[in-house]
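Each remark here refers to the structure printed beneath this line.
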Amino acid sequence: MGSRRQFLKAALSLAVAPPARSAGAPQVIRAASALPKMPSGVMSGDVSLEGAVIWSRTDRPARMFIEYATNDRFENSFGVRGPVALEDSDFTAQVTLTELPWGQRIFYRVLFEDIGDPMFSSPPMAGSFQTPTWGSTRDVSFSFSGDEAGQGWGISEDFGGYKIYETMRQLAPDLFLHLGDQIYADGPLADSVRLPDGRIWNNHVTEAKRQVAQSLDQFRGNFAYNHLDENRRGFAAEVPFVVQWDDHETRNNWYPGQIIDDPRYHQERRSSVLAAYANRAMFEYNPIRLNPNVRDRLYRQINYGPLLEIFVLDQRSYRANNSENLQADGDSGEALLGGEQLRWLQGALANSLSTWKVIASDMPLSLVVSDNTEGMPHIEGLANGEHKSAKGRELEIAGLLTFIKDHNIENVIFVSADVHYASAVSYHPDRASIGAFKPFWEFIAGPLHAGSFGPNEIDRTFGPQVEFVQGPEYANQSPADGFQFFGFGNIDHKTKALTVSLINAAGESLYEKTLDPR
């Protein structure tokens, strides 16, 4: 580590001044504009007891270097010689740091060394993150939301860009759960949009955002677009991301095997092919810890110590076709998670030693989300709107709730986004039609920067009771009007109570619920 650290510090110094050449060699001075660049900033992600992933992107073939320490002066620092970022990853790169000290703020900085001329490197970019602690010596906090840059609302400098990220940054959560629809690959942007009050919303539009994504490069361009926002980059440099996907990373309401009937998709109509492009680009543009056996698997768990463990679901890759969602028990076609993922989730919950178990679900449990894209009364979500015993995709959730009760798993909550408004829902078996289960809560928050909608119809199968709801005045209300929402959870390290707040883009707490551990 010592030799690497010395080498890295030497490399970092190149960002300030090029080194002297040997006597007699021609002196070459390279302008700052000719050095490697880092257009997307830096990010950390999937921070857990096992380590953390550091991510960044450059603009040419270049090698990634990372220096990290437990102080912002980088005293007693460690260095890592990372991978070479090449065109086959759109010049993105990441490194997983392991054996980090627990309960510390880790400061890091990243640079890229031009492999064509190793004498020159990019200026370093800095970030930081908080590692978990095994002892309960400090509060643990997390924020959550989803649905970013959708319905035609892109980066508008006139309206301050993605301002909700700056609001979240000021709360300094330990983790941020991005609950899906990280991009809108099916949502091209216009240069400008006239708002109902006459104001003009001017979008910053890149080439990739002028049409629906049908190629790997176009999906990459959609992910790269959100990194252009200054608020988002500032937040990502200070708060680790935990990301999952929903439908718009690929296409609205997609499912495996679907053939798209939309004239805009003239190049590729197979949803599964588009999803493969989206999955590849998502892994390239996010700090996701890779599964050693299945590299494109998104469902995973994040162990953040004795107070918090997060279970990230993938309700896209393994689902059955969208239908009326009324299959009886034992019929085919009811999959949402799929058998393998459901067994993983049950086992991971049963083995968790953390007080609070947060299930990050890209779709809400009881909100009826329809899919009329094929001209049929199909269901996109898991609730079918019958308000009766579980059928179709509801069967998986009913089985999960039964498993949680039978194995006496305590303190499980769900967080979700997708529907573009804020809500808090309590669930109780006395109100349900599926039999006994442990009462639990679901908190819904979004969008991050997209059109606001809702509220949706509630299906009564699992005994939901809406304790709070706030949405826009009309459908697809723009981010300029402030109906953007995120959740913030704080676990008290002394009492172990979890307090969840639903907050708007201006930082106003709209609803708060404190849950005592059982």
Kirkwood Rh, Cα atoms: Rg over Rh of the stretch 58-176: 1.03
Proximal lysines relative to Lys513, as straight alpha-carbon distance under 28 Å, when same-chain residues fewer than 8 apart are discounted: Lys163, Lys357, Lys405, Lys438, Lys494, Lys496
Centre separation in Å (Cα based) which lies between the stretch 47-109 and the stretch 409-430: 35
Convex hull volume per residue in cubic angstrom - Cα atoms of the chain: 151
Ranked by how many other beta carbons lie within 10 Å on average, peptides 90-103, 140-153 from highest: 140-153, 90-103
Label-point gap, in nm, between Tyr474 and Asn408 - each point 7 angstrom along Cα→Cβ: 5.6
Chain lengthening between Glu340 and Ser370 when straightened (0.36 nm per residue, less Cα-Cα): 8.2 nm
5 Å binning of all Cα-Cα separations within the stretch 258-323, expressed as whole percents from 0 upward: 3, 13, 18, 21, 17, 13, 8, 4, 2, 1, 0
Residue (of Met119, Ser89, Ile106) at the positive-pole extreme of the stretch 70-125, dipole from beta-carbon charges: Ile106
For the stretch 468-518, alpha-carbon Rg over 2.2 N^0.38 Å: 1.42
FRET efficiency for Asp492 and His266, using Cβ-Cβ distance with R0 set to 56 Å, rounded to 0.05: 0.50
Ordering of 408-416, 377-385 by packing [mean C-beta count within 10 Å, highest first]: 377-385, 408-416
DSSP beta bridges in the chain [antiparallel fraction, %, rounded to 5]: 75
Largest-first principal axis extents, alpha carbons of the stretch 336-485, Å: 46, 36, 30
Additional length obtainable on full extension of the chain from Ser509 to Leu86, 0.36 nm per residue less Cα span: 147.9 nm
Sorted peptide list for 258-267, 492-501, 211-220, criterion being average Cβ within 10 angstrom, highest first: 211-220, 492-501, 258-267
In nm, spacing of pseudo-spin labels at Asn303 and Arg194 (7 Å Cα→C-beta vector): 5.9
The chain - percent relative contact order, Cα under 8 Å, separation 6 or more: 14
Cα-derived Rg to Rh of the stretch 306-406, Kirkwood definition: 0.99
Distance from the stretch 138-181 to the stretch 255-319 (C-alpha centre basis), Å: 20
Student exercise, the chain dipole from Lys, Arg, Asp, Glu Cβ charges, in Debye to nearest 20: 1740
The chain - percent of accessible surface contributed by carbon and sulfur, probe 1.4 Å: 49
Globularity index of the stretch 113-190, i.e. its alpha-carbon radius of gyration over 2.2 N^0.38 Å: 1.58
Surface per residue (accessible, 1.4 Å probe) for the chain, Å²: 39
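The values are calculated or read from the model by the stated rules, or taken from the named source; none is laboratory data. Note that the structure is a prediction, hence the values are computed from the model and not measured. In this analysis, Cβ positions are derived from the backbone assuming ideal geometry, glycine residues included, and neighbour counts consider all displayed protein chains. Side chains are part of the model used for accessible areas, which takes the heavy atoms of the whole protein and leaves out ligands, DNA and RNA. Shrake-Rupley method; radii C 1.70, N 1.55, O 1.52, S 1.80 Å.
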